[in-house]
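Undergrad: Quick one: the structure is below, questions incoming.
The values are calculated or read from the model by the stated rules, or taken from the named source; none is laboratory data. Since the model is a prediction, treat every value here as computed from it, not as a measurement. Neighbour counts are summed over all protein chains in view; Cβ atoms, including those assigned to glycine, are modelled from backbone coordinates with ideal geometry. Side chains included, ligands, DNA and RNA excluded: accessible areas come from the protein's heavy atoms. Shrake-Rupley method; radii C 1.70, N 1.55, O 1.52, S 1.80 Å.
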Amino acid sequence: MISSSSCSFLSNSAVAGSRSICGGAQRKGPSSPFRVVCLAPSNDRSGSVVLDSPAAVKKEQIRNEPTSVPDTAEEEQVSAGGPRDVYGEDRATEDQFVTPWNVSVASGYTLLRDPHFNKGLAFTEKERDAHYLRGLLPPTVISQETQVKKMIQHVRQYQVPLQKYMAMMDLQERNERLFYKLLIEHVEELLPVVYTPTVGEACQKYGSIFMRPQGLYISLKEKGRILEVLRNWPEKNIQVIVVTDGERILGLGDLGCQGMGIPVGKLSLYTALGGVRPSACLPITIDVGTNNESLLNDELYIGLKQRRATGQEYAELMHEFMTAVKQNYGEKVLIQFEDFANHNAFDLLEKYRSTHLVFNDDIQGTASVVLAGLVAALKLVGGNLADHRFLFLGAGEAGTGIAELIALETSKQTNAPLEEVRKNIWLVDSKGLIVNSRKESLQHFKKPWAHDHEPVHRLVDAVNKIKPTVLIGTSGQGRTFTKEVIEAMASINEKPIILSLSNPTSQSECTAEEAYKWSQGRAIFASGSPFPPVEYEGKVFVPGQANNAYIFPGFGLGLIMSGTIRVHDDLLLAASEALAAQVSEENFEKGLIYPPFTNIRKISAHIAASVAAKAYELGLATRLPQPKDLVKFAESCMYTPAYRSYRQQE
Ligand SMILES: O=C([O-])CC(=O)C(=O)O
Ligand SMILES: [Mg+2]
């Protein structure tokens, strides 16, 4: 039974439609290893394979995988006779979605090649008999735990990060549950492989490294047919879309269609760190061309070979996309904008925030994670937000997004008007300090940060004049926090807070080593991409990672599990507070302002719970009644990658 404290958001209202397996001809006995392919919806399950009942799952696991526990949501789903297909994945109803096909063949050879259901050598003897796998695998049966051990050794044998990345992508395409189990159990080690910094290099070389496409590509060629394209995607019950147009991939600039690595990587973190089911995640790249000359001249470039569409043509394609998404997946699908260039990022967020459930990770996610770090850092340096002065290098999405969230929180804490608290926050862009005399020529998102001051051109001069307590790099320009800049910060502050946020590592404003060395070990430092610990004068400093990955998976889970229909700034503040609350005394003692990623699933559950609680308070949550214990509820909703047992239906 599904209780009010269990996770029913995963469920939809009917039995499996697409991807069903028909009984038909070979219903009795293993006369043929091939299943009949249904070209029309069928509910006839005779002769097909079904997920074991929860009790059977448990028995199976006690025998084979003592530490694997099926996740609660999935168990309840199955016992409730919910909308699961034969392997227990939920699928949407046929009348809800019209697909151009309705086929799923998943037994024998094909089962081994379906990454959602494949278990490789972990198929049990019984499963091998029941699903026509005899002879297709070598005789040994090993557990998922042993497979994890084998795979981590396999990944470790590569010295080159991009090779590790390719090994991981290969696994994801081969055996999804093993991929997620590996990623979750070795999160600190593998995050830099599937995410920043390596994902940046993967995007740069995407055309040449990929054999099999991932995600959905929507290009100008599909204008007028986007709904049709969405319906080509095999999964129907989508809860999160991460979409990019590839114009500003990390700090690497315009990578066009090859930006696809970013939505793919972000969504694998939605699952690994936030527990959103992989089948509910949809990576999308919108291809409107690229202005990257070297890609345009590259014969292996995978995107449209034309310069970027802009203005009305761009807006129309995006509007068709946004409309089609809502039409196909409903109001509660979360659309995360990722790595759009500044001008489009702000406009899209503004345009769709009141009609869709949209979230811009670079503006809002970064802001939330940095605010959390600052709130935590105050425990180390003392004072309130209002007592500090902030200087940013970089006045784009991340810079202005963080600045605004700091201002909002400070204004809440002090009851001072927003315009007043903004005066403590200064931004430097490529032309120098943003000051009132430049106001006329500034882009709209920079205008609130133009304060009275004489023009200042160099960052180091801005540091010496403004005397910030916190220096934040969001410029996308590597090595811009020079020795002079950091020494100036250290001469003004006993404990300068220095956040070097640009990604990937090559674009980081300074390295961890530089921050500690040039501040004589006094800096409180965190960076967007990871740096290894640094030894300075006999002491080991462990830098924190101020990366959106702390926030968006839990934030998204909170929205989904509460059926929230709009993102409100207060939800971002709730996420920040929840993250800051997860920094332990032990972390503080090591100078850390973020908790380690090893506990990320627990952290995500707390973030999800806080976000959901705030959404209920604001009347934005539609899943009623509100679960009593939101942390437990969040945990019960999380996907776990343990294998399930498959059996032949009686
Ligand atoms: O992907 C990351 O690591 C953070 C991010 O969103 C960006 O830098 O654009
Ligand atoms: Mg980004």
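Undergrad: Restricting to the stretch 524-544, give me the number of residues that are outside any strand (DSSP E or B) and within 16 Å of ligand 1 (Cβ to nearest atom).
TA: Total meeting the criteria: 5.
Undergrad: Being open to solvent by 20 Å² or more (accessible area, probe 1.4 Å) and in a helix (DSSP H, G or I) is the filter here; which residues of the stretch 191-203 pass it?
TA: Of everything in the stretch 191-203, those that are open to solvent by 20 Å² or more (accessible area, probe 1.4 Å) and in a helix (DSSP H, G or I) turn out to be Pro192, Glu201.
Undergrad: Collect the residues in the stretch 395-421 that are more than 30 Å from the chain's Cα centre (by Cα) and under 22 Å from Asn493 (Cα atoms), keeping them in residue-number order.
TA: Correct list: Val421 only.
Undergrad: For Asp339, all conditions in the list (1) assigned to a loop (DSSP other than H, G, I, E, B); (2) more than 13 Å from ligand 2 (Cβ to nearest atom) hold save one; what is the number of the exception?
TA: Of everything listed in (1) assigned to a loop (DSSP other than H, G, I, E, B); (2) more than 13 Å from ligand 2 (Cβ to nearest atom), Asp339 misses just condition (2).
Undergrad: Condition test on Asn547, is it open to solvent by less than 30 Å² (accessible area, probe 1.4 Å), farther than 18 Å from Leu374 by Cα and within 16 Å of ligand 1 (Cβ to nearest atom)?
TA: No.
Undergrad: Considering the stretch 374-394 alone, what residues qualify as being farther than 22 Å from Ala488 by Cα and open to solvent by less than 10 Å² (accessible area, probe 1.4 Å)?
TA: Ala376
Undergrad: Restricting to the stretch 550-564, count the residues that are over 28 Å from Pro530 (Cα atoms) and open to solvent by less than 10 Å² (accessible area, probe 1.4 Å).
TA: Selection size over the stretch 550-564: 4.
Undergrad: Also, I was wondering about something else. Could you tell me whether any residue of the stretch 414-431 is among the acidic types (Asp, Glu), assigned to a helix (DSSP H, G or I) and closer than 26 Å to Leu573 by Cβ?
TA: Yes - at least one qualifying residue is present in the stretch 414-431.
Undergrad: Could you figure out which of (1) away from ligand 1 (no atom under 16 Å from the Cβ); (2) in contact (Cβ under 8 Å) with a residue 24 or more places away in the chain; (3) open to solvent by less than 10 Å² (accessible area, probe 1.4 Å) isn't true of Glu397?
TA: For Glu397, the failing item is (1).
Undergrad: With Glu176, Glu188, Glu228, Glu222 as the choices, which residue is open to solvent by 40 Å² or more (accessible area, probe 1.4 Å), more than 20 Å from Asp362 (Cα to Cα), under 17 Å from the mean Cα position of the chain (by Cα) and of a type outside the set (Val, Ile, Thr)?
TA: After applying the criteria, what remains is Glu188.
Undergrad: Return only the number of the condition from (1) in contact (Cβ under 8 Å) with a residue 40 or more places away in the chain; (2) more than 19 Å from the chain's Cα centre (by Cα) that Ala574 does not satisfy.
TA: Among (1) in contact (Cβ under 8 Å) with a residue 40 or more places away in the chain; (2) more than 19 Å from the chain's Cα centre (by Cα), the lone unmet condition for Ala574 is (2).
Undergrad: Is there any pair with a first residue in the stretch 347-361 that is modelled with pLDDT of 95 or more and more than 16 Å from ligand 2 (Cβ to nearest atom) and a second that is open to solvent by less than 10 Å² (accessible area, probe 1.4 Å) and part of a helix (DSSP H, G or I) whose Cβ atoms are under 7 Å apart and which are 6 or more apart or on different chains, and what are they?
TA: Going by the 7 Å Cβ cut-off, the qualifying pairs are Tyr352/Met322; His356/Met322; Leu357/Leu559.
Undergrad: In the stretch 511-538, which residue that is hydrophobic (A, V, I, L, M, F, W, C) and either out of contact with any strand residue (DSSP E or B) (no Cβ under 6 Å at 6 or more places or on another chain) or closer than 22 Å to Val375 by Cα (or both) is nearest to ligand 2 (Cβ to nearest atom)?
TA: Among residues in the stretch 511-538 that are hydrophobic (A, V, I, L, M, F, W, C) and either out of contact with any strand residue (DSSP E or B) (no Cβ under 6 Å at 6 or more places or on another chain) or closer than 22 Å to Val375 by Cα (or both), the one nearest to ligand 2 (Cβ to nearest atom) is Ala526.
Residue-wise test of (1) open to solvent by 10 Å² or more (accessible area, probe 1.4 Å); (2) away from ligand 1 (no atom under 15 Å from the Cβ); (3) in contact with a strand residue (DSSP E or B) (Cβ under 7 Å, 6 or more places away or on another chain); (4) not aliphatic (A, V, I, L, M).
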site	(1), (2), (3), (4)
Ser279	no, yes, no, yes
Gln306	yes, yes, no, yes
His319	yes, yes, no, yes
Val325	no, yes, yes, no
Gly330	yes, yes, no, yes
His343	yes, yes, no, yes
Ser354	yes, yes, no, yes
Leu357	no, yes, yes, no
Asn360	no, no, yes, yes
